[in-house]
Amino acid sequence: MPKNSLEKFKKTKTLINKLFNSVGFIIIIGISIMLKTLFFYQDTIMIREQLNFNIIIGSITFITIMLLICLTLSNRQRIFIALAFDLIISILLLGDNLYYAYSSNVLSVSQITNLQYGEEIMTTLPMLIKFRHIVYFIDLIIIFALIISKYLKVEEKRKSDKKGKILRIISGCLAIFIYVIIGNTYSAKAFEDPYNKDLQIKKASIYGYHIADIKNAFQIKKQAIYTNKEDMEKDYDILKQEYKTQYGDSNYELQGAMKGKNIIILQLESIQEFVLHKTINGKEITPNLNKFLEENIEFSNMFMQSYSSTADSEFSSISSMYPMENGMSFSKYPGNTIDDIFKMFKQDEYTTSYMHGNYSHFWNRGNVYSKLPVDYLEFKDKFEDTSENIMGYLSDELLYKQAVQKLENYQEPFISFIVSASSHTNFSLDGLEDFSKVQIDVGKYKGTFFGNYLESVNYADFAFGTFIEELKASGLYDDTVILLYGDHNGLEMYNDEMLDYLRETNPNLTDTDIKLNYIRVACGMKIPGIEHLKIEKPVSKLDIKPTFAYLCDLDEQFALGTNMFARKDFICLNNERIVTSRYYFDENWYERNTGETIDIENLSTEEKELLQKYLNNMRTELDISKSIQIYNLLK
């Protein structure tokens, strides 16, 4: 290297090292973290829609506090703590980003208790991680590479001078002052909307949300509105009386019509509603489900209660309550007393069973269901033929064939809750021995997450067809009530290939359509003697237990849902969303047909009161459900 160039290189290296060992480096780290934060907001669609000045200022506030903490340390400590902050924030933002793509939700400290179930999202990671996510780590990669190459050197700790001590004192005082005056106010805003994380982030920033989330984890009982059964029951009775008065009448004369009939509840893994009655390259995606729905009762607006797990869906279905977030109803509160659907059918001396092609430890199901009045717990180890496993679960086809054999041996009448799994994320169908059972060609979507999803759904439909054939061959089909539904979404809300597919049949697809598509799942019901019927009003998993109480003339006991054949015209989700026959609420009210935001001020007084009543009832339902679980109020 020429002498002049070498001198310039040495001068440049010296200047960069001076910056690296100065307060300026902390400022650079702060700018880098802020840029990553902005990237997170922009890459997370639901948050990007709500990005505002408040989120930006809140983010700057918390980043500034972190930087001031660094400035209270000596030089060597300051550099390493700044880099540690950067690394932790990068991992956190990436985790939030990926989890949001997976479940339209951000991470919570409460999920630490669910790490044992992490394989669900881990198997999906390859589909979620994009090259652009290197943004979260590119600065750290460069800095660590320079340190390793000895281009950058951390100066040894020196004896602090008077100015350094003053700087540290001032930095510490400022950090405390800013947090107490501004930061604490921001994190407190997250408590204003305890069920809606998007709003928490909008008001408090992603950092304010996480601080509030940690506080919540240590004081979860403070989140309960009701601490005793008497106060809860008072508001519950008022709510139920209102529902009975306004919506109690049924649109169909079916009360008690199914008393004493066999009942099968079939929970289908990840089957969203949009795949029904659809074709791809000339073939139906779900021919067997379509046939079942065309011959029986189709509920075209069944909505999941939670943006989370299969266990949450099961909890809502058996208890008629909202699930605690992230599977906590099963993982954290398995010993709670609930008025479950099995207990309800025991009134009429039903044989009760639960079947799943996985082992009992998964999502703590063994502990949960063993405490309920379930006569037969049929997990994977109770099935004789386990020769075909798809992604570790007993294949749907083997599950269904052996399920029917078990049902034939139960004393009638029986109720059996069966949970399928072959269409589980990541939709690889890994382990399927005969791929010809996938009978569609996904064409241009082959090899994509969406294409894999369609193939998995098509196989699940094939297996369902086998289930119906086996039931008919056994003689059980004709006189058995069958309810089937999808447990939750299978695809991220804004999956590009899915949107491309949806727009082929609906060029005018609105953002409201997309959000409703995400939470709407397949649902159908066979009632002996009832031919094809399509019910378009919103229903939810909370309505399953009350519906069977109505059909079989049983006491529904505690239930926040209502009979699916009655006239209630709205449902709620556990993240403060509401779906009505006409409207959708997601912080604002939207017209379902047009997707347009509703100007509340232009509504009539009657309409304003109706929308407010929806909001009030939603909050009451959520408060009651959460309080029951935190304090075990039904014991």
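The values are calculated or read from the model by the stated rules, or taken from the named source; none is laboratory data. If you're wondering where the values come from, they're calculated on a predicted model, not measured in any experiment. With ideal geometry, Cβ positions are generated from the backbone for all residues, glycine too; neighbour counts draw on all protein chains shown. The protein model used for the area step is the full one, side chains on, heavy atoms only, and it has no ligands, DNA or RNA in it. Shrake-Rupley method; radii C 1.70, N 1.55, O 1.52, S 1.80 Å.
I need the full set of residues from the range 490-510 which are part of a helix (DSSP H, G or I) and either under 15 Å from the mean Cα position of the chain (by Cα) or at pLDDT below 95 (or both), in order please.
If the condition is that a residue be part of a helix (DSSP H, G or I) and either under 15 Å from the mean Cα position of the chain (by Cα) or at pLDDT below 95 (or both), then Asp496, Glu504, Thr505 are the ones that fit.
Out of everything in the range 471-489 that is of a type outside the set (D, E, K, R) and open to solvent by less than 10 Å² (accessible area, probe 1.4 Å), what residue ends up being nearest to the chain's Cα centre (by Cα)? Break it down into steps so the answer makes sense when it comes.
Taking the range 471-489 as the starting set, the residues that turn out to be of a type outside the set (D, E, K, R) are 471, 473-477, 480-486, 488-489.
Filter once more, so that each one left must be open to solvent by less than 10 Å² (accessible area, probe 1.4 Å): 471, 480-486.
Working: Leu471: 33, Thr480: 32, Val481: 29, Ile482: 26, Leu483: 23, Leu484: 20, Tyr485: 17, Gly486: 14 Å.
Taking the candidates together, the pick is Gly486.
Can you pull out every residue in the range 230-253 that is open to solvent by less than 70 Å² (accessible area, probe 1.4 Å) and not acidic (Asp, Glu)? Steps first, answer last, please.
Residues of the range 230-253 open to solvent by less than 70 Å² (accessible area, probe 1.4 Å): 232, 235-236, 239-240, 242-243, 247-248, 250.
Once the filter is applied, which keeps residues that are open to solvent by less than 70 Å² (accessible area, probe 1.4 Å) and not acidic (Asp, Glu), the range 230-253 yields Met232, Tyr236, Leu239, Lys240, Tyr243, Tyr247, Gly248, Ser250.
Suppose we keep only residues that are part of a helix (DSSP H, G or I) and out of contact with any helix residue (DSSP H, G or I) (no Cβ under 7 Å at 6 or more places or on another chain) within the range 211-228. Which one would you say is surrounded by the most Cβ atoms within 10 Å (Cβ to Cβ)? Can you show your working first?
From the range 211-228, those part of a helix (DSSP H, G or I) are 211-218, 220-223; that's our starting set.
Add one more test, that the residue is out of contact with any helix residue (DSSP H, G or I) (no Cβ under 7 Å at 6 or more places or on another chain), and what stays is 215, 218, 222.
On the way: Lys215: 16, Phe218: 8, Lys222: 11.
Within the range 211-228, the match that is surrounded by the most Cβ atoms within 10 Å (Cβ to Cβ) is Lys215.
Give me the residue from the range 255-270 that is touching an Asp or Glu at 6+ places or on another chain (Cβ under 8 Å) and in a loop (DSSP other than H, G, I, E, B) and, out of that set, farthest from Lys406 (Cα to Cα).
Step one: list which residues in the range 255-270 are touching an Asp or Glu at 6+ places or on another chain (Cβ under 8 Å), which gives 255-256, 259-262, 267-270.
Among the residues that remain, those that are also in a loop (DSSP other than H, G, I, E, B) are: 255-256, 259-261, 269-270.
On the way: Gln255: 29, Gly256: 27, Lys259: 22, Gly260: 19, Lys261: 17, Glu269: 21, Ser270: 25 Å.
If we take residues in the range 255-270 being touching an Asp or Glu at 6+ places or on another chain (Cβ under 8 Å) and in a loop (DSSP other than H, G, I, E, B), then Gln255 is farthest from Lys406 (Cα to Cα).
Kindly indicate the residue of the range 14-65 that is assigned to a helix (DSSP H, G or I) and among the charged types (D, E, K, R) and also surrounded by the most Cβ atoms within 10 Å (Cβ to Cβ) among those meeting that condition. Spell out the reasoning first.
So in the range 14-65, the residues assigned to a helix (DSSP H, G or I) come out as 14-20, 23-43, 45-48, 53-65.
Remaining after also requiring among the charged types (D, E, K, R): 18, 36, 43, 48.
Details: Lys18: 12, Lys36: 22, Asp43: 18, Arg48: 11.
Looking at the filtered set, the residue picked out is Lys36.
Could you give every pair whose Cβ atoms fall below 8 Å, whose first residue belongs to the range 610-635 and is hydroxyl-bearing (Ser, Thr, Tyr), and whose second residue is part of a helix (DSSP H, G or I), counting only separations of at least 6 or pairs across chains?
Note: pairs meeting the criteria are Thr620/Asp235; Thr620/Leu239; Ser627/Met232; Tyr631/Lys221.
Of all residues in the range 537-554 being outside any helix (DSSP H, G or I) and under 24 Å from the mean Cα position of the chain (by Cα), which is nearest to Asp487 (Cα to Cα)? Walk me through how you get there before you give the answer.
First pass over the range 537-554, keeping only residues outside any helix (DSSP H, G or I): 537-540, 552-554.
Next, from what is left, pick out any that are under 24 Å from the mean Cα position of the chain (by Cα): 537-540.
Values: Lys537: 19, Pro538: 16, Val539: 13, Ser540: 11 Å.
The residue in question is Ser540.
Going through the range 290-311 one residue at a time, which ones are open to solvent by less than 10 Å² (accessible area, probe 1.4 Å) and in a helix (DSSP H, G or I)?
Selection gives Asn290, Phe292, Leu293, Thr310, Ala311.
Could you identify the single residue in Asp231, Asp235, Asp198 that is acidic (Asp, Glu), at pLDDT below 90 and either within 18 Å of Ile624 (Cβ to Cβ) or outside any loop (DSSP other than H, G, I, E, B) (or both)?
On the way: Asp231 fails: at pLDDT below 90; Asp235 fails: at pLDDT below 90.
After ruling out the rest, the residue left standing is Asp198.
I'm trying to understand the selection: among the residues of the range 39-93, which are among the β-branched types (Val, Ile, Thr) and out of contact with any helix residue (DSSP H, G or I) (no Cβ under 9 Å at 6 or more places or on another chain)?
Initially, the range 39-93 is screened for residues among the β-branched types (Val, Ile, Thr), giving 44-45, 47, 55-57, 60-61, 63-65, 69, 72, 79, 81, 88-89, 91.
Correct list: Ile88 only.
Residues are listed down the side, and each one gets a yes or a no for (1) under 23 Å from the mean Cα position of the chain (by Cα); (2) closer than 20 Å to Asp543 by Cα; (3) open to solvent by 10 Å² or more (accessible area, probe 1.4 Å); (4) not hydrophobic (A, V, I, L, M, F, W, C):
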site: Ser320; (1), (2), (3), (4): yes, yes, no, yes
site: Met328; (1), (2), (3), (4): yes, no, yes, no
site: Tyr333; (1), (2), (3), (4): yes, no, yes, yes
site: Asn336; (1), (2), (3), (4): yes, no, yes, yes
site: Asp339; (1), (2), (3), (4): no, yes, yes, yes
site: Lys346; (1), (2), (3), (4): no, yes, yes, yes
site: Thr351; (1), (2), (3), (4): no, no, yes, yes
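Would you please name the residue that is nearest to the chain's Cα centre (by Cα), looking only at residues in the range 401-436 that are in a helix (DSSP H, G or I) and crowded, with 16+ Cβ neighbours inside 10 Å? Steps first, answer last, please.
From the range 401-436, those in a helix (DSSP H, G or I) are 401-409, 435-436; that's our starting set.
Remaining after also requiring crowded, with 16+ Cβ neighbours inside 10 Å: 401-404, 406-407.
Values: Lys401: 31, Gln402: 31, Ala403: 29, Val404: 31, Lys406: 32, Leu407: 32 Å.
Within the range 401-436, the match that is nearest to the chain's Cα centre (by Cα) is Ala403.
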